[in-house]
Amino acid sequence: MINKVFYLEKFKSFQNPKIVWLGYSLVAITLAILPFIIEASIGRTWVRILDFALIYGMLALGLNIVVGFAGLLDLGYIAFYAVGAYTWALLASPQFGLHLPFWLIIPIGFVVAGFFGVLLGAPTLRLRGDYLAIVTLGFGEIVRIFLNNLDHPINITNGPVGINLIDPISVGGYALTRTQQIAGVNFSGAHIYYYLLLVLLLACIFVCIRLENSRLGRAWIAIREDETAAQAMGINTRNMKLLAFAMGASFGGVAGGVFASFQGFVSPESFILLESIMVLCMVVLGGMGNVWGVVLGTLLLAILPEILRDISSPIQESLLGGVWIDPESLRMVLFGLALILVMLVRPSGLWPSKKH
Amino acid sequence: MLGSVYALVALGYTMVYGILGLINFAHGEVVMIGAMVVLTMIGFLSGFPAPLSNGAILLFAVITAILVCSMLAFLIERVAYRPLRNAPRLAPLITAIGMSILLQNIAMIIWGRQYKTFPDLFSTVSYSFGGANITNVQVFIIIISILIMSALLLTINFTRIGRAMRATAESPQIASLMGVNVNYIISLTFVLGAALAAVAGVLVFANYSVAHYSMGFMLGLKAFTAAVLGGIGNMAGAMLGGILLGLIESIGAGYISDFTGGFMGSHYQDVFAFLVLIGVLVLRPTGIMGERVADRT
């Protein structure tokens with residue numbers, strides 16, 4: 001009781017609308033000028049890293065719908081990312097000579113990836129737990145192997161070489177990957193994409209939060225907690241599960257499309273199993289089911305390996321007096337250790353969801 | 001042949017899964033470490049002042065590998081899985097993935113990035129047998145795997161420890177009430193699985209003559225697929241699944257282009273294996289020999 005009063009006293013300021021709006025605008029301003037601060041302090045590569053972190057954020061939010069909300073363990077999620085990326089690549093590159101505008105491709109990618117989600121979901125509805133995990137894993141591998149080998153007899157994906165020269169998103173004739181001058185300030189491609197991705201990510205966060213508290217989200221959570229009971233309560237578990245797969249897949253598809261347009265190049269290399277596992281780690285480490293936890297987990301796991309890449313050589317030099325251990329391996333060793341330690345200390349993730 | 005190796009590795013997965021309900025992603029890396037330790041030991045023993053016969057060298061090397069892998073698995077369980085036994089279901093999965101990344105890169109630091117070749121201890125002899133070719137190494141692999149698997153089945157089914165393991169798999173709480181030391185049994189399961197993995201590592205290495213720090217992951221994945229195919233948690237299922245998956249892969253690699261009229265080449269052998277897996281699971285959601293078990297929540 002005392003604790004509760006204290007809690008209310010402490011956070012009373014959160015209920016004051018003025019202070020809340022001040023907080024929101026501070027966050028908004030920080031997010032808006034973040035790329036400039038980063039470029040000025042640690043260089044432009046880090047803006048690109050931030051961009052990729054935002055793409056991963058969309059992926060992790062999509063996977064969170066499948067794993068976090070509906071409780072369906074998916075180890076092949078990267079397949080939908082691949083489908084989205086290749087859809088974009090085929091419709092906007094010299095590969096088939098098609099150059100569709102982005103406002104047409106984004107919905108197409110959304111639908112195609114969602115279709116693949118249903119394609120995976122339909123035969124696996126009866127499977128539970130780890131059986132489902134292994135089938136989704138197999139599905140991810142199947143998609144990757146097809147992308148890798150569909151260069152003959154008919155050349156569709158260009159095989160292991162991948163597809164090059166993908167059109168960037170362009171608005172009114174301005175390609176967003178080029179440096180543009182707006183109101184006297186130079187915006188590089190990485191900066192413009194940062195804003196674009198930020199808007200997309202915020203949209204995803206908004207959709208996820210609204211979903212979580214909707215009839216749909218509650219049905220998913222009921223299925224996660226106890227499928228039989230959910231069915232007994234009149235939830236159509238088959239349709240709900242299919243919908244979870246389709247929604248998650250569509251998020252991945254859009255993320256993949258934006259990735260293809262940003263990178264300008266796709267190859268099957270980017271869609272290996274390890275990527276699926278990384279996205280899953282982001283979801284679980286951050287706190288499965290909690291949208292903000294997932295965002296936190298993504299930022300950590302997308303940025304931590306890059307920091308380790310930068311510091312693993314200097315640390316060795318200062319401690320051991322020379323680079324003794326291959327920095328790339330050391331980075332991954334530290335990364336593995338970090339995964340284990342975080343899970344040991346916080347088994348339900350850094351920022352777990354409140355409902356249990 | 002390949003199937004019997006999958007079966008050995010799959011047994012490790014299925015035993016751990018049967019008891020803890022956990023996918024031990026680090027198991028494939030244990031196989032890789034086994035192969036690497038054998039390589040190092042063979043190099044070390046060949047340089048011995050008193051010359052040893054090739055058979056003795058191999059035997060010593062394999063025993064060392066089994067010991068190292070068993071200790072490693074014991075440590076993995078202690079550090080990464082035991083503290084999380086009552087945690088949410090996906091938490092140990094993440095530590096398992098972390099462990100896998102960790103072991104792979106430690107192996108890369110110790111043994112380097114290059115492909116290692118298996119030293120020539122024995123000359124390979126090829127026999128022709130009703131149109132099929134088989135080498136003496138492959139015959140050896142099949143015999144060893146059959147021996148080990150029978151020994152394991154006998155242990156599980158007819159000894160005190162085996163009974164304790166089966167009881168723990170059934171229900172850890174009740175087993176502990178009946179006087180079974182559950183922690184000891186779980187450690188033992190990991191150690192046994194790792195010993196099988198070490199042998200499997202040597203067999204794979206001997207057959208393909210190459211080892212690489214990343215060889216464990218794909219092998220582990222295939223073996224896990226095999227375990228699921230047979231019905232995870234079921235020992236006989238794991239063996240059957242392993243052998244089936246091996247056969248499917250070889251048949252797939254050989255005949256897939258005939259099936260599809262030349263559209264799909266042998267690169268699609270994994271697609272074929274996974275499609276068969278999906279097909280089997282759709283028809284029988286608990287694997288070929290799996291029993292319908294109640295959900296663990």
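Here's the yes/no breakdown for (1) more than 9 Å from chain B (Cβ to nearest Cβ); (2) at pLDDT 80 or above; (3) surrounded by fewer than 16 Cβ atoms within 10 Å (Cβ to Cβ):
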| position | (1), (2), (3) |
| --- | --- |
| A:Leu308 | yes, yes, no |
| A:Ser318 | yes, no, yes |
| A:Val323 | yes, no, yes |
| A:Phe335 | no, yes, no |
| A:Leu341 | no, yes, yes |
| A:Leu344 | no, yes, no |
| A:Ser348 | no, yes, no |
| A:Trp351 | yes, yes, no |
Task: Filter result (of a type outside the set (S, T, N, Q) and either more than 15 Å from B:Val37 (Cβ to Cβ) or under 10 Å from the mean Cα position of the chain (by Cα) (or both)) within region B:195-212 - done: B:Ala195, B:Leu196, B:Ala197, B:Ala198, B:Val199, B:Ala200, B:Gly201, B:Tyr208, B:Val210
Task: Test set (1) in contact with a Ser or Thr (Cβ under 9 Å, 6 or more places away or on another chain); (2) farther than 25 Å from A:Val118 by Cβ - A:Glu269 fails condition number - done: (1)
Open item on the list: For the structure I just gave you, tell me whether B:Tyr81 is touching a Pro at 6+ places or on another chain (Cβ under 8 Å) and at pLDDT 80 or above.
Closed with: yes
TODO: Report, by residue number, each residue of region B:65-122 that is polar (S, T, N, Q) and either buried (at least 22 other Cβ atoms within 10 Å of the Cβ) or more than 12 Å from chain A (Cβ to nearest Cβ) (or both).
DONE: B:Ser70, B:Thr95, B:Ser100, B:Gln104, B:Asn105, B:Gln114, B:Thr117
TODO: Name the residue, out of B:Gly3, B:Gly18, that is touching a helix residue (DSSP H, G or I) at 6+ places or on another chain (Cβ under 6 Å), within 14 Å of chain A (Cβ to nearest Cβ) and either surrounded by fewer than 23 Cβ atoms within 10 Å (Cβ to Cβ) or over 13 Å from B:Phe190 (Cβ atoms) (or both).
DONE: B:Gly18
TODO: Might you check whether a residue that is under 19 Å from the mean Cα position of the chain (by Cα), in a loop (DSSP other than H, G, I, E, B) and aliphatic (A, V, I, L, M) occurs anywhere in region B:225-232?
DONE: yes
TODO: For A:Gly293, work out the one condition from (1) within 14 Å of chain B (Cβ to nearest Cβ); (2) over 18 Å from the mean Cα position of the chain (by Cα); (3) part of a helix (DSSP H, G or I) it doesn't fulfil.
DONE: (2)
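For (1) farther than 24 Å from B:Leu221 by Cα; (2) modelled with pLDDT under 85; (3) away from chain B (no Cβ under 14 Å), each residue gets a yes or a no:
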| position | (1), (2), (3) |
| --- | --- |
| A:Leu63 | no, no, no |
| A:Ala79 | no, no, no |
| A:Pro94 | yes, yes, yes |
| A:Ile105 | yes, no, yes |
| A:Phe146 | no, no, no |
| A:Ile154 | yes, yes, no |
| A:Val161 | yes, yes, yes |
| A:Leu165 | yes, yes, yes |
TODO: Taking the residues in region A:42-93 that are surrounded by fewer than 24 Cβ atoms within 10 Å (Cβ to Cβ) and touching a strand residue (DSSP E or B) at 6+ places or on another chain (Cβ under 9 Å) as candidates, determine which candidate is farthest from A:Val294 (Cα to Cα).
DONE: A:Ser93
Task: Condition met for B:Leu11 (away from chain A (no Cβ under 14 Å), of a type in the set (A, V, I, L, M, F, W, C) and over 17 Å from the mean Cα position of the chain (by Cα)) - done: no
- [ ] Would you mind finding the one in B:Thr159, B:Thr189, B:Thr135 that is under 18 Å from B:Val16 (Cα atoms) and not aliphatic (A, V, I, L, M)?
- [x] B:Thr189
Task: Subset of region B:10-34 [closer than 23 Å to B:Tyr213 by Cα and part of a loop (DSSP other than H, G, I, E, B)] - done: B:Ile23, B:Asn24, B:Phe25, B:Ala26
Task: Matching residues, region B:172-184, being part of a helix (DSSP H, G or I) and over 15 Å from B:Gly233 (Cβ atoms) - done: B:Gln173, B:Ile174, B:Ala175, B:Ser176, B:Leu177, B:Val182, B:Asn183, B:Tyr184
Open item on the list: Residues to consider are B:Ala236, B:Ala253; find the one that is assigned to a helix (DSSP H, G or I), surrounded by fewer than 20 Cβ atoms within 10 Å (Cβ to Cβ) and at pLDDT 80 or above.
Closed with: B:Ala236
Task: Unmet criterion (only one of (1) touching a residue at least 24 places away in the same chain (Cβ under 8 Å); (2) surrounded by 15 or more Cβ atoms within 10 Å (Cβ to Cβ)) for B:Val210 - done: (2)
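The values are calculated or read from the model by the stated rules, or taken from the named source; none is laboratory data. Remember, it's a predicted structure, so these values are computed and weren't measured experimentally. Reconstructed Cβ throughout: ideal geometry from the backbone, glycine too, with neighbour counts over all protein chains shown.
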